[in-house]
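Participant: Please read through the structure below; I'll follow up with questions.
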Amino acid sequence: MLNLFKKKDPICGMTEEKGKGITKYEKWFCSKDCLKKFEKQQKSNSCCHP
Ligand SMILES: [Zn+2]
């Protein structure tokens, strides 16, 4: 069950592929687009919605 230790893209759900994508915030993203979406989500979740 090695798959349990693989990271997953929190945006699109893709499983980590070695040598591909971006690792940031202790997470793995398949592309810059997913990383950007994640960062946006973090901002909008941070707190204090108007
Ligand atoms: Zn992705």
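The values are calculated or read from the model by the stated rules, or taken from the named source; none is laboratory data. A quick note: this is a predicted structure, and the numbers were derived from the prediction, not measured. No Cβ is skipped: glycine too gets one built from the backbone with ideal geometry, and neighbour counts run over all protein chains shown.
Participant: Kindly provide the set of residues from region 5-22 that are assigned to a strand (DSSP E or B) and within 15 Å of Lys36 (Cβ to Cβ), ordered by number.
Facilitator: Restricting attention to region 5-22, the residues satisfying the condition of being assigned to a strand (DSSP E or B) are 8, 15, 22.
Correct list: Ile22 only.
Participant: Then there's this: Restricting the search to region 18-34, which residues are surrounded by 12 or more Cβ atoms within 10 Å (Cβ to Cβ) and closer than 16 Å to Phe5 by Cα?
Facilitator: Lys27, Trp28, Phe29
Participant: Let me ask something additional. Among the candidates Gly21, Gly13, single out the residue that is within 10 Å of the ligand (Cβ to nearest atom), modelled with pLDDT of 90 or more and in contact with a helix residue (DSSP H, G or I) (Cβ under 9 Å, 6 or more places away or on another chain).
Facilitator: Of the residues listed, the single one that is within 10 Å of the ligand (Cβ to nearest atom), modelled with pLDDT of 90 or more and in contact with a helix residue (DSSP H, G or I) (Cβ under 9 Å, 6 or more places away or on another chain) is Gly21.
Participant: Could you list, ordered by first residue, the pairs with Cβ atoms under 6 Å in which the first is in region 17-30 and in contact (Cβ under 8 Å) with a residue 40 or more places away in the chain and the second is not aliphatic (A, V, I, L, M), at least 6 apart or interchain?
Facilitator: If the second residue must be not aliphatic (A, V, I, L, M), no pairs are left.
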